[in-house]
Amino acid sequence: MALDDPEVAALATLVREAGGAPIGAYREPLGGRALLLASLPLAAVQPTPFQRDLSPTHARRLSQAIESTAAFLDPLIVVRGEDGRLWTPNGRHRLAAAKVLGLKQITALISPDEALAYRILALNTEKAHNLKDRSLEVIRMARNLARRRGREHEAAFAAHFESPELLTLGILYERAPRFAGGAYSPMLKKLERFADRPLQTSLRQREDHAARLLAIDTQVKRIIATLQQRGFKSPYLRNYVVARINPVRFHKVKKGSGAPPMPLAQALTRMAAAARNFNPGSVSNADLAWVAVGAGSAD
């Protein structure tokens, strides 16, 4: 495939304008998409704005591993993003490692398809370190899409977002970075579905749900403090309390099931009431032992 082919010619020009050098072009063998192989200045490539936060520790370890091999063999995937910028949807840590190593140029496979950034990130969320990272990636992606394609229905982006509860959890982590999402995730997974309404509208409703969950979590913290004062020291106190006030804890969701057991708004109303009426005197060490067994089985 020649560099002056219409599918990659504009990319080749963009690379040269950025101070880089096109090396060659070809069609990838699975989908036949045109790709440009190029050498780019590090400063010309930026991570997509909706990726998980950089881990300095991971970047440092990666730079050490690369240095030990004396070879930087893995090219970045780069797409032409908004306003002609060059984005890497999956190379934030390799980009940081290259800077640590003092590299000035980096090899990249560049695609003219901007949407590829979202599809690649959908794969990356499955490999992210933890629930917080995954959730923050998804909500950042959703906010970016809402600015540009907010009238499209949220359900249209299901392949990008991986799972609907990550959107709400992402908002929660934005507001409260130390939020205990793992305790609430099982309930949200049973109740959340991708909405058949505009993404902008859906995100506003999720903001409301997140605010209500934070208020419930404040009550949960109060209950935990009371239980600790009564001598309970189990690390599973939060999981136990959240399970006790969860209105759908006994509902089993079949794979591929349709409607949730109840709307999330209704579940949050019941949950808030259960938190207000929680009786710390009803808690026993035997109850907490069962929670510990369940957590061990989940591992």
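The values are calculated or read from the model by the stated rules, or taken from the named source; none is laboratory data. This is a predicted model, so every value here is computed, not measured. Backbone-built Cβ (ideal geometry, glycine too); neighbour counts: all protein chains shown.
Looking at (1) polar (S, T, N, Q); (2) modelled with pLDDT under 80; (3) not in a helix (DSSP H, G or I), find the lone condition where N124 falls short.
Unmet condition: (3).
Considering every residue within region 167-175, establish whether at least one is of a type in the set (S, T, N, Q) and at pLDDT 95 or above.
Residues of region 167-175 of a type in the set (S, T, N, Q): 168.
Now narrow it down to the ones that are at pLDDT 95 or above: 168.
The answer is yes, given that some residue of region 167-175 is of a type in the set (S, T, N, Q) and at pLDDT 95 or above.
Take R206 and tell me if it is touching a helix residue (DSSP H, G or I) at 6+ places or on another chain (Cβ under 9 Å), assigned to a helix (DSSP H, G or I) and surrounded by 16 or more Cβ atoms within 10 Å (Cβ to Cβ). Explain how you work it out, then say what you get.
On the way: touching a helix residue (DSSP H, G or I) at 6+ places or on another chain (Cβ under 9 Å): yes; assigned to a helix (DSSP H, G or I): yes; surrounded by 16 or more Cβ atoms within 10 Å (Cβ to Cβ): yes.
The answer is yes for R206.
Scan L86, L36, L3 and give me the residue that is farther than 20 Å from M141 by Cβ, in contact (Cβ under 8 Å) with a residue 40 or more places away in the chain and either in contact with a Cys (Cβ under 9 Å, 6 or more places away or on another chain) or surrounded by 15 or more Cβ atoms within 10 Å (Cβ to Cβ) (or both). Don't jump to the end; show me each part of the working.
Working: L86 fails: farther than 20 Å from M141 by Cβ; L3 fails: in contact (Cβ under 8 Å) with a residue 40 or more places away in the chain.
Going through L86, L36, L3 in turn, the sole match is L36.
Looking at H93 and the list (1) over 21 Å from E137 (Cβ atoms); (2) of a type outside the set (F, W, Y); (3) buried (at least 18 other Cβ atoms within 10 Å of the Cβ), which single condition is not satisfied?
Result: H93 passes all but (1).
Please count how many residues of region 9-33 are closer than 18 Å to L116 by Cβ and either surrounded by fewer than 17 Cβ atoms within 10 Å (Cβ to Cβ) or outside the structural domain of I106 (by TED's automatic domain parsing) (or both).
9
Filter region 43-54 for residues that are of a type in the set (A, V, I, L, M) and either in contact with an Asp or Glu (Cβ under 7 Å, 6 or more places away or on another chain) or surrounded by 15 or more Cβ atoms within 10 Å (Cβ to Cβ) (or both) and give the result. So that I can check it myself, show each step before the final result.
Narrowing region 43-54 to residues of a type in the set (A, V, I, L, M): 43-45, 54.
Passing the criteria: A44, V45.
Determine if region 53-64 includes at least one residue that is closer than 27 Å to E28 by Cα and modelled with pLDDT under 80. Quick ask: steps written out before the conclusion?
Step one: list which residues in region 53-64 are closer than 27 Å to E28 by Cα, which gives none.
No, the conditions are met nowhere in region 53-64.
Quick check on my filter: what residues within region 87-115 are under 21 Å from the mean Cα position of the chain (by Cα), farther than 21 Å from D133 by Cβ and not in a loop (DSSP other than H, G, I, E, B)?
First, the residues of region 87-115 that are under 21 Å from the mean Cα position of the chain (by Cα): 87-96, 114-115.
Subset that is farther than 21 Å from D133 by Cβ: 114-115.
If the condition is that a residue be under 21 Å from the mean Cα position of the chain (by Cα), farther than 21 Å from D133 by Cβ and not in a loop (DSSP other than H, G, I, E, B), then no residue fits.
Quick check on region 37-73: of everything there that is farther than 15 Å from K104 by Cα, of a type in the set (S, T, N, Q) and assigned to a helix (DSSP H, G or I), which residue is nearest to the chain's Cα centre (by Cα)?
Selected residue: T57.
Residues checked against (1) assigned to a helix (DSSP H, G or I); (2) touching a strand residue (DSSP E or B) at 6+ places or on another chain (Cβ under 6 Å):
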residue	(1), (2)
V138	yes, no
L145	yes, no
R178	no, no
P186	yes, no
D196	no, yes
Q200	yes, no
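Of A146, A158, which residue is surrounded by fewer than 22 Cβ atoms within 10 Å (Cβ to Cβ), out of contact with any helix residue (DSSP H, G or I) (no Cβ under 8 Å at 6 or more places or on another chain) and over 30 Å from Y240 (Cα atoms)?
Numbers: A146 fails: out of contact with any helix residue (DSSP H, G or I) (no Cβ under 8 Å at 6 or more places or on another chain).
Exactly one residue qualifies, and that residue is A158.
Within region 99-114, take every residue that is in contact with a Ser or Thr (Cβ under 9 Å, 6 or more places away or on another chain) and under 12 Å from V45 (Cα atoms) and give me the one that is surrounded by the most Cβ atoms within 10 Å (Cβ to Cβ).
Ranking the candidates gives A108 first.
Working only within region 242-299, note down all residues that are modelled with pLDDT under 90, surrounded by 12 or more Cβ atoms within 10 Å (Cβ to Cβ), not in a loop (DSSP other than H, G, I, E, B) and not aliphatic (A, V, I, L, M).
Scanning region 242-299 gives D287, W290, G294.
Would region 218-226 turn up any residue that is surrounded by 20 or more Cβ atoms within 10 Å (Cβ to Cβ), over 19 Å from A273 (Cβ atoms) and either touching a His at 6+ places or on another chain (Cβ under 9 Å) or without any contact (Cβ under 8 Å) to a residue 24 or more places away in the chain (or both)?
Residues of region 218-226 surrounded by 20 or more Cβ atoms within 10 Å (Cβ to Cβ): 220, 223.
Then keep just the ones that are over 19 Å from A273 (Cβ atoms); that gives none.
No.
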